[in-house]
Amino acid sequence: MADLVSRIFQCIMGVFTYTDEYTSSVPPARLFKALIVDSHNLIPKLIPLAVKSIDIIEGDGGAGSIRQINFGEGNTFGLSSIHFHICSFMYQSSQVKSIKNRIDELDLENFSYKYSLIEGDGLMNKLDKITYDVKFEPTPDGGSKNKMSSTYYTKGDIVLTEDEIKEGKEKALGMYKIVEAYLLQNPDAYV
């Protein structure tokens, strides 16, 4: 399973940045394909009660495309935009029906992905947007080191606590572990 290597939290004038780093025995190409490239197919199959569907509603799935994540009934923001690695699940007490992400950059060769949560219940009237920068790198043992930086842009003078963001990141790690476990149990998937 993934190990949490480090967490860094920084706040500057309404902009909060949180960085996670995880290690995995799964090679970066497989994790990237499963968690990022094919997440719209895989995630609803792995956790259908939490994520009903992930639809590409604009574009071809590359940079500039918009993805809508539709959550299951009764879901309390159990998953955000993986994603795609995966997202921000800060407000578990509210009912989130859907969110929209804009793919800002998708680099298939270097296993990096940038996207923004731009619309939906997940912003909870506290945030203008959340941006994510995800990178999967190889490790000497054949596994991967996976880095994710999340930047929260608050509305007005709203302040997010480290605990609010930390709680959400722990749920994102849970999603990461589900996909990682699937890949470990299915060694021929996403090769």
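The values are calculated or read from the model by the stated rules, or taken from the named source; none is laboratory data. Not measured: the values here are computed from a predicted model. Cβ sites come from the backbone with ideal geometry, for glycine too, and all protein chains shown count toward neighbours. Accessible surface areas use protein heavy atoms only, side chains included; no ligands, DNA or RNA. Shrake-Rupley method; radii C 1.70, N 1.55, O 1.52, S 1.80 Å.
The table for this structure:
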{"quantity": "Filtered residues of segment 1-16 (kept if in a strand (DSSP E or B) and either at pLDDT 85 or above or open to solvent by less than 30 Å² (accessible area, probe 1.4 Å) (or both))", "calculated": "F16"}
{"quantity": "Inter-residue pairs, beta-carbon under 8 Å, first of a type in the set (D, E, K, R) and in segment 36-55, second in a helix (DSSP H, G or I), 6+ apart", "calculated": "K52/P44; D55/H40"}
{"quantity": "Test: residue in segment 19-38 that is out of contact with any Phe, Trp or Tyr (no Cβ under 8 Å at 6 or more places or on another chain), open to solvent by less than 60 Å² (accessible area, probe 1.4 Å), over 27 Å from G143 (Cα atoms) and assigned to a strand (DSSP E or B)", "calculated": "no"}
{"quantity": "Of all residues in segment 157-174 being farther than 16 Å from E21 by Cβ and assigned to a helix (DSSP H, G or I), the one that is least open to solvent (accessible area, probe 1.4 Å)", "calculated": "G168"}
{"quantity": "Residue match in segment 114-127 (condition: part of a strand (DSSP E or B), out of contact with any Lys or Arg (no Cβ under 9 Å at 6 or more places or on another chain) and modelled with pLDDT of 95 or more)", "calculated": "yes"}
{"quantity": "Conditions (1) of a type in the set (K, R); (2) under 16 Å from I57 (Cα atoms); (3) surrounded by fewer than 17 Cβ atoms within 10 Å (Cβ to Cβ); number of the one not met by K129", "calculated": "(2)"}
{"quantity": "Verdict on T154 being touching a Gly at 6+ places or on another chain (Cβ under 8 Å) and either of a type outside the set (G, A, S) or open to solvent by 50 Å² or more (accessible area, probe 1.4 Å) (or both)", "calculated": "yes"}
{"quantity": "Yes/no for G78 being open to solvent by less than 60 Å² (accessible area, probe 1.4 Å), modelled with pLDDT under 95 and outside any loop (DSSP other than H, G, I, E, B)", "calculated": "no"}
